[in-house]
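> If you scroll down you'll find the structure; I have some questions about it.
Values quoted throughout were computed directly from the atomic coordinates according to the rules given, and no laboratory measurement underlies them. Note that the structure is predicted; figures quoted are calculated from it, not measured. Note that we place each Cβ from the backbone using ideal geometry, even for glycine, and neighbour counts take in every protein chain shown.
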Amino acid sequence: MPYPKAMAADSTERRLTAPQFHAVLEDMQDALFVTDPSGAVMYMNPAAKRLYGLEHDGPSGETLNLQKHVKDAFEVRTLAGDPVADDDQPLMRALRGEAYKDVELLVQRAGNEDPRVFVFSGNRIEGNPPLSVLTIRDETDRWRAERRYRIAFEADPAPSVIARLANMRIVQANEGMAELMGRDKDALTDLSLVDLRPIHQPDDLEDASERLRTGDRIHKVKTPLLAADGREVNVLVSARAIEIDGEACGIFTFIDITELESALRDHQEARDLLSTTLRRHADEKDLMARLAITDPLTRIQNRRGLDIRLSDEFSRADRYGSTFSILLLDLDHFKIVNDVYGHDAGDAALREVAELLQAECREPDFAGRWGGEEFMMVLPQSGSAAALSVASRVRELVEKMEIPGIDELTSSIGVASFEAGDDTASLFARADRALYAAKRKGRNRVEVAPARQDGR
């Protein structure tokens with residue numbers, strides 16, 4: 001047999017020596033057989049001898065015929081339990097010179113009630129005579145684990161799906177999920193988890209996929225799903241990573257909380273029950289509270305979180321007669337960024353801007369995502385001049401950012417400072433008017449809102 005080539009450090013072509021190549025074959029974990037067209041074994045590695053129980057077969061020096069040895073010694077079936085015809089068995093296909101890869105079959109030795117799952121691959125080496133190469137990998141443990149898992153998955157009453165992490169395509173859905181979504185199980189396997197999200201909801205599935213890939217788990221995160229009849233179903237989703245058929249997947253389990261939320265709105269008793277439950281599960285309450293004020297894409301505060309912090313600043317300013325300023329930042333032509341460079345690049349840009357704003361915050365400052373491509377910074381104890389300085393620096397830093405895949409990114413910023421009589425609506429309205437003034441004047445600039453006039 002020819003030996004593989006290897007490349008030396010000085011780029012001079014070399015070949016493995018026969019002993020080196022033989023050592024590689026001997027150390028292989030997969031079983032390897034090389035036979036002539038009649039089935040006579042020309043070579044087998046130690047893994048092959050162990051797999052077929054040939055360590056002590058035949059007297060020393062006797063040529064083993066693999067075809068004759070396995071003919072009556074093994075029963076071969078598909079994973080579904082159907083018998084495999086003699087001519088379709090992996091060995092016979094290899095002897096015929098067929099090339100095939102990763103054929104999974106159940107193999108049972110005569111007199112042994114314990115079937116094994118072997119993965120066969122065949123190839124042909126041209127010569128006189130031509131040689132057949134058969135490799136066999138034992139995947140019994142993996143197959144049994146997946147089989148037990150699938151049985152448990154089907155029996156679980158909780159709505160669940162298995163989805164590939166690479167594209168969120170649904171591999172399997174149980175009866176509970178079919179009932180929750182109002183779809184057949186087979187219909188669900190034609191969809192991805194993205195298809196089950198309402199259009200107006202931000203898509204945080206990429207973040208979930210990445211967390212699962214790195215070994216993290218998702219535990220009881222509130223999210224809406226879209227049923228077949230168009231209803232939004234509020235659920236708590238938990239997820240963990242698993243491997244199915246060699247692919248990285250996740251199992252996602254959903255708890256329907258639609259009726260609970262309705263009851264909480266209408267009945268104080270339900271609110272009391274929820275309060276008792278949350279006290280019992282303090283860790284879960286803390287997690288849900290953080291998630292409620294955190295933007296899932298950028299990991300900074302969302303609009304609700306900003307509203308809470310702004311309320312504190314208004315109270316402080318009224319109490320002590322102090323001031324504070326807000327910066328309302330909007331990324332210019334961001335729809336074009338998504339359309340030209342793709343949503344992955346757009347999401348990366350949003351995350352980069354969020355990190356920049358966080359880095360520019362002093363200890364009392366805070367930043368958040370107001371919505372879409374709009375961000376807000378709140379600067380306690382800062383008047384218009386100080387806020388303008390911060391806004392100008394942020395605008396320059398955004399313009400200088402280097403984001404893979406995006407040629408240019410700029411921002412427009414509106415600045416407004418708190419004055420006596422301001423509330424959240426009036427302060428935001430002035431910042432918003434300043435922002436749109438910046439856009440009207442050509443974008444990539446900062447505008448400061450004038451002082452209040454006529455109570456506005």
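> Summing +1 for each Lys or Arg and -1 for each Asp or Glu, what net charge is found among the other residues whose Cβ lies under 13 Å from the Cβ of Val103?
Once positives and negatives cancel, what remains is -1.
> While we're here: Run the numbers on segment 293-448 and let me know its relative contact order in percent, using alpha-carbon pairs under 8 Å that are six or more apart.
Reported as a whole number, the value is 28 percent.
> Could you give the nm distance between label points at Asp184 and Val221, where each point is 7 Å from its Cα heading toward the beta carbon?
Each label point lies 7 Å from its Cα, and together they span 3.2 nm.
> May I pose another question? If the chain between Ala385 and Ala359 were fully stretched, how many nm would it gain, using 0.36 nm times the residue separation less the Cα-Cα distance?
7.3 nm
> In segment 353-456, what % of DSSP beta bridges are antiparallel (nearest 5)?
If we restrict to bridges inside segment 353-456, about 65 percent are antiparallel.
> Once both labels are modelled 7 Å past Cα along the beta-carbon direction, what's the Val24-Ala40 spacing in nm?
Each label point lies 7 Å from its Cα, and together they span 2.7 nm.
> If you don't mind, there's one more thing I want to ask. Plugging the Kirkwood radius over Cα pairs into Stokes-Einstein for segment 216-264, at a temperature of 20 °C and a viscosity of 1.002 mPa s, what D comes out in µm²/s?
176 µm²/s
> Another question about this same structure. For the pair Ser392 and His333, how long in nm is the line joining their label points, each one 7 Å along Cα→Cβ?
2.5 nm
> Sum up the charges of everything whose Cβ sits under 12 Å from the Cβ of Ser384, counting Lys and Arg as +1 and Asp and Glu as -1, but leave Ser384 out.
Charge balance near Ser384 sits at -1.
> When the convex hull of the C-alpha atoms of segment 293-448 is computed, what volume per residue in Å³ does it have?
98 Å³
> So, one more: Sum up the charges of everything whose Cβ sits under 10 Å from the Cβ of Ala178, counting Lys and Arg as +1 and Asp and Glu as -1, but leave Ala178 out.
That sum, taken over residues with Cβ under 10 Å, equals -2.
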